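> Before I ask anything, let me first share the structure, which is written out below as structure tokens.
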Amino acid sequence: MAQLKLDEVHAHAVDYQHFLLDSPSPYHAAEVVAQRLVDAGFTRVDEKGAWDASPGGHVMVRGGAVAAWFVPETVADDAGFRIVGAHTDSPAFSVKPSVQSTTPDGWGQIDVEVYGGMMWNSWLDRELTLAGRLVLNSGEVVLARTGPIARIPQLAIHLDRDVNPSGLKLDPQKHLHPVWTVDNPFGNVLEYVARTAGLDNASQVAAFDLILTPSQGPGFFGDKGQFIAASRQDNLSSVHPGLVALERLAAEGTPAGGDVTVFMCFDHEEVGSESRTGAAGPILETVLRRTAKALGRDEDGFERMLAASSCVSADAAHSVHPNYAGHHDPDNRPMMGRGPIIKINSKQRYATDGEGIALWNRACVAAGVASQSFVGNNAMPCGTTIGPITATRLGILTVDVGIGLLSMHSAREMSHVDDLLALSQALAAYWRGA
């Protein structure tokens, strides 16, 4: 039987699904990005060593963040940086140092803390996977992930008759406490995780950064299979299109724009970005400054490069919701499946301005994709992104964009396959110098 050949849209979506499966935590996502770029010809850089700004691609991982930069054969005096920024983290449950506890009735539970602004109710009655990193006594860092191991069971309606008319009320300390075993006094979660990571036992583990995340894999649905349901799409729906765009450019050779191409995926955006791997920290500036210095630029030369630079902050956006259309601005109504969305807010919750809009629209025209705009309903404050932080830290022209999602910050978010490919094509056009 002849194999069905996928069109470009669905081939991209299938690759996206594999990327989601391989990226259950920020640490996994950063490593996947780095490894794929190494496979595409990039050189992995250890930031403790000498910096590499030779022509070609380079990539560096710091925890759950990953930075990649592509240097053209010739960097002109008036060259700048063309930056795409995204983030690898998503709402999840962080495992506490106590790791586990046991109820008087014998339930074994994993002790967790809520990470990010999740919609709590969507995480009930879902099988959860433990994933993240283990720091060994030797200092080595090992990535770990289990299969489905835990669940937060909801109270039966027979024991809460008012749940539907009155609404579900959850206490994050009492009610968001996952179950993983019963009547197992010798059960040890960390031992279980260590062994799944290939270690002999948990005594080798000095510390850990672990999360619980939904174990159910992504899936297509809709009359044409045009929708994807999956966790962590905010913001892997930007990381993957950026990765694919950079792989495409690497295959083509030096981007036509002549600037230094930069892909910066931060961690900790969902909790404010204030960390050594977050956008409020120095990691992006470090990458840019060390690259400029390796190119022979002095401090004034570095500042000139910044003045010639721009940044596309790529983070998930809101599509008009069919059941809550009144929550959107009546005159700005971006729809899933109709192209990437420019995110605009006059209070600078998004960094977009007129210059940024023009920059992004040029990229979309060059890529042959449609562009939409999101402006929030005046009665409902919007969220924010790495965009304003990057613009404030570095003074770089920044525009906020993303693909439209439904159920954002749910345990299972919804996207459209057309938007994912369109965003990748537009990012590639921006990096080419459109």
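> Below 26 Å, Cα to Cα, which lysines can Lys224 reach? Residues fewer than 8 away in the same chain don't count.
Lys5
> Something else about it: Provide Arg304, Arg62, Arg393 ordered by accessible surface of protein heavy atoms (probe 1.4 Å), highest first. Walk me through the numbers on the way to the answer.
Values: Arg304 130, Arg62 30, Arg393 95 Å².
If we order Arg304, Arg62, Arg393 from most to least accessible, we get Arg304, Arg393, Arg62.
> Between Phe266, Phe302, Phe81, find the one with the highest GNM mean-square fluctuation for the chain; connect C-alpha pairs within less than 10 Å.
Judging by the Gaussian network model, the answer is Phe302.
> In whole percent, and with a 1.4 Å probe on the protein chains, what portion of the accessible area of the chain is carbon and sulfur?
Working: 9610 of 18930 Å².
Carbon plus sulfur share of accessible area: 51 percent.
> Once R0 is set to 22 Å, what does the formula 1/(1 + (r/R0)^6) return for the Cβ-Cβ distance between Ile157 and Tyr324, expressed as a FRET efficiency to the nearest 0.05?
Values: r = 24 Å, r/R0 = 1.11.
E(calc), rounded to 0.05, equals 0.35.
> Taking every DSSP beta bridge that has both residues in the chain, what percent is antiparallel when rounded to the nearest 5? Display every interim value, and only then the final one.
Working: 52 of 76 bridges.
Percentage antiparallel, nearest 5: 70.
> If amide hydrogens are placed 1.01 Å from N in the peptide plane, which non-local residues have theirs closer than 5 Å to the one on Thr43?
When sequence neighbours closer than 5 places are left aside, the close amide H contacts are Gly57, His58, Val59.
> Please report the accessible area of Val38 (heavy atoms, 1.4 Å probe, ligands and nucleic acids excluded) in Å², nearest 10.
Approximately 50 Å² for this residue.
> Can you compute the helix-only [θ] at 222 nm over the chain? Use -39500 (n - 2.57) per DSSP H run of at least 4 residues, normalise by all residues, nearest 500 deg cm²/dmol.
Values: 10 runs with 120 residues, N = 434.
Helices in the chain give a 222 nm mean residue ellipticity of -8500 deg cm²/dmol.
> Could you pull out every residue, at least 5 positions away or on a different chain, whose amide H is within less than 5 Å of the one on Thr352? Hs are placed 1.01 Å off N in the peptide plane, and Pro or chain starts have none.
HN-HN under 5 Å from Thr352: Asn345, Asp400.
> How large is log10 I(q)/I(0) at q = 0.18, 0.21 Å⁻¹ when the Debye formula is applied to the Cα atoms of the stretch 92-214, each weighted equally and without solvent?
Here the Debye-derived log intensity ratios amount to -0.96, -1.23.
> On to the next question. Of Val99, Val32, Val312, which is the most mobile in a GNM of the chain whose springs link Cα atoms less than 10 angstrom apart?
Maximum fluctuation in the GNM of the chain, among the listed residues, is at Val99.
> Just report the Cα centroid separation between the stretch 210-266 and the stretch 366-431, whole Å.
About 13 Å separates the Cα centre of the stretch 210-266 from the one of the stretch 366-431.
> Under the √(5λ) rule applied to the eigenvalues of the Cα gyration tensor, what semi-axes describe the equivalent ellipsoid of the chain? Give them in Å, descending.
Numbers: eigenvalues 267, 149, 80 Å².
So the three semi-axes of the chain are 37, 27, 20 Å.
> Grab the Cα-Cα distance for Thr74 and Glu285, subtract it from 0.36 nm times how many residues apart they are, and report the gain in nm with one decimal.
Between Thr74 and Glu285, full extension yields an extra 73.8 nm.
> Taking a cut-off of 24 Å between Cα atoms, list the lysines near Lys48, but don't count ones fewer than 8 places away on the same chain.
Leaving aside lysines fewer than 8 places away in the same chain, those within reach of Lys48 are Lys293.
> Assuming R0 = 51 Å, what is the FRET efficiency of Phe186 and Ala358, from their Cβ-Cβ distance, to the nearest 0.05? Numbers along the way, then the final one.
Details: r = 64 Å, r/R0 = 1.25.
Efficiency, rounded to the nearest 0.05: 0.20.
> Give me the aspartates and glutamates in straight-line cross-link reach of Lys174: C-alpha distance below 18 Å, same-chain residues under 8 apart excluded.
Cα-Cα hits under 18 Å: Asp105, Asp111, Glu113, Asp125, Asp160.
> Under a point spin-label approximation (7 Å from Cα along Cα-to-Cβ), what is the Thr43-Met335 distance to one decimal in nm?
5.0 nm
> Turning to a different aspect of this structure: Using the Karplus curve 6.51 cos²θ - 1.76 cosθ + 1.60 with θ = phi - 60°, what ³J(HN,Hα) values do you get for each residue of the stretch 151-161, in whole Hz, with x for Gly and Pro?
Per-residue couplings from phi come out as 7, 10, x, 7, 5, 4, 4, 5, 9, 8, 5 Hz.
> Per-residue HN-Hα couplings for the stretch 53-59, Karplus 6.51 cos²θ - 1.76 cosθ + 1.60 at θ = phi - 60°, whole Hz, x for Gly and Pro?
10, 5, x, x, x, 9, 8
> With the chain treated as a Gaussian network of Cα nodes joined by springs under 10 Å, which of Met335, Met414, Met380 yields the largest mean-square fluctuation?
Maximum among the listed residues: Met380.
> Quick query: amide H of Ser90 versus all other amide H atoms, modeled in the peptide plane; which residues come in under 5 Å with a sequence gap of 5 or more or a different chain?
Distant-sequence amide H within range of Ser90: zero hits.
The values are calculated or read from the model by the stated rules, or taken from the named source; none is laboratory data. Everything quoted here is computed from the prediction, not taken from an experiment. Methodologically, a virtual Cβ is constructed for each residue, glycine included, from the backbone with ideal geometry; neighbour enumeration extends over all protein chains shown. Areas reflect the complete protein model, heavy atoms only, side chains present, ligands, DNA and RNA absent. Shrake-Rupley method; radii C 1.70, N 1.55, O 1.52, S 1.80 Å.
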